[in-house]
Amino acid sequence: MSQQQKSLSAAPESAARTVAPEPLPIWFFVGIILGVYGVLVVIAGLVSGDPDTVLGHTRPALWWGAVLVAVGYLFVAISRPGPDKAEYKGPGRRVQTRPPSFPVATADTPLAVEPDKVWQVLCGDTAHWRAGVYSPELTSADDIEELERHDCPELFLLMDGEVTLLVAEGEKTRQIELEPGKPVLVAAPHSGFCPKGPHTGRAFVVERDSFDTLYQKVSEWTARSKA
Ligand SMILES: [Fe+2]
């Protein structure tokens, strides 16, 4: 049972229960404390000068303060959560999605879906999955300039209206018209459009809460296979 499930089952039946993203790890705060102590020790060493002790002339406060700062920085750097969409270098446009990647959601009650929004993350389970609603603004395959490919599959299920996915398969692209009650698992580079007009269709989407995405132009995806 996950930490979240434990907290859910421990909540009183009458209380409004929420599913929240994973909090910051304790090591993040340990790193901050070590860094603050390190800075204070360095300042104390500078102010007090050489202590009248054996090897006092080596300024131990400065060295040990610096060590504390370095260790604190290491703790913070390792344990801090990655930004939801931090770009890094490489071919195409790469985006990382990392926890916390979904909002706090109230359990056991309908979730609010905002109108006319291309992508809204609804909820999730940290280190496992997140779910959202996808409602493209584009209205034809010709409007799509970029396709995205994740390092994990993504499940689409039509909620209402019409949504068509455009996927790259080898040197060509293919359109997948989503049908109600027929989920589609997508692993290929993809994007989507609403043929009846902007936001006239909505699809329910399930994906991991931590994954990488590569965005490239449609022609770049299909040209890859020719090379
Ligand atoms: Fe996607």
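The values are calculated or read from the model by the stated rules, or taken from the named source; none is laboratory data. Everything quoted here is computed from the prediction, not taken from an experiment. As a convention, Cβ positions derive from the backbone with ideal geometry for all residues, glycine included, and neighbour counts pool all protein chains shown.
Looking only at residues in the stretch 104-115 that are in contact (Cβ under 8 Å) with a residue 40 or more places away in the chain and out of contact with any Ser or Thr (no Cβ under 7 Å at 6 or more places or on another chain), which one is surrounded by the most Cβ atoms within 10 Å (Cβ to Cβ)? Among them, the one singled out is V113. Inspect all residues belonging to the stretch 127-135 and state whether any of them is within 27 Å of A168 (Cβ to Cβ) and out of contact with any strand residue (DSSP E or B) (no Cβ under 8 Å at 6 or more places or on another chain). The answer is no; no qualifying residue exists. Note on the stretch 150-179: among residues that are in a loop (DSSP other than H, G, I, E, B) and within 13 Å of the ligand (Cβ to nearest atom), the one that is nearest to Y134 (Cα to Cα) is V163. Checking the stated criteria, T200 turns out not to satisfy the condition of being surrounded by 14 or more Cβ atoms within 10 Å (Cβ to Cβ) and within 16 Å of the ligand (Cβ to nearest atom). The residue that is nearest to Q96 (Cα to Cα), among those in the stretch 198-227 that are part of a loop (DSSP other than H, G, I, E, B) and in contact with an Asp or Glu (Cβ under 8 Å, 6 or more places away or on another chain), is D209. Taken over the stretch 180-192, the criterion of being assigned to a loop (DSSP other than H, G, I, E, B) and either away from the ligand (no atom under 15 Å from the Cβ) or of a type in the set (K, R) (or both) is satisfied by G181 alone.
The single condition from (1) over 21 Å from E114 (Cβ atoms); (2) more than 22 Å from the chain's Cα centre (by Cα); (3) in a strand (DSSP E or B) that P195 fails is (3).
Has the stretch 39-55 got any residue that is part of a loop (DSSP other than H, G, I, E, B), of a type in the set (A, V, I, L, M, F, W, C), at positive phi and at pLDDT below 90? There is at least one residue in the stretch 39-55 that is part of a loop (DSSP other than H, G, I, E, B), of a type in the set (A, V, I, L, M, F, W, C), at positive phi and at pLDDT below 90. Looking at L214, is it within 16 Å of the ligand (Cβ to nearest atom), aliphatic (A, V, I, L, M) and free of Cβ contacts under 8 Å to residues at least 60 places away in the same chain? Considered against the rule, which asks whether it is within 16 Å of the ligand (Cβ to nearest atom), aliphatic (A, V, I, L, M) and free of Cβ contacts under 8 Å to residues at least 60 places away in the same chain, L214 comes out as no. Just to verify a result, which residue in the stretch 103-148, among those that are assigned to a helix (DSSP H, G or I) and not small (G, A, S), is nearest to the ligand (Cβ to nearest atom)? The residue in question is D143.
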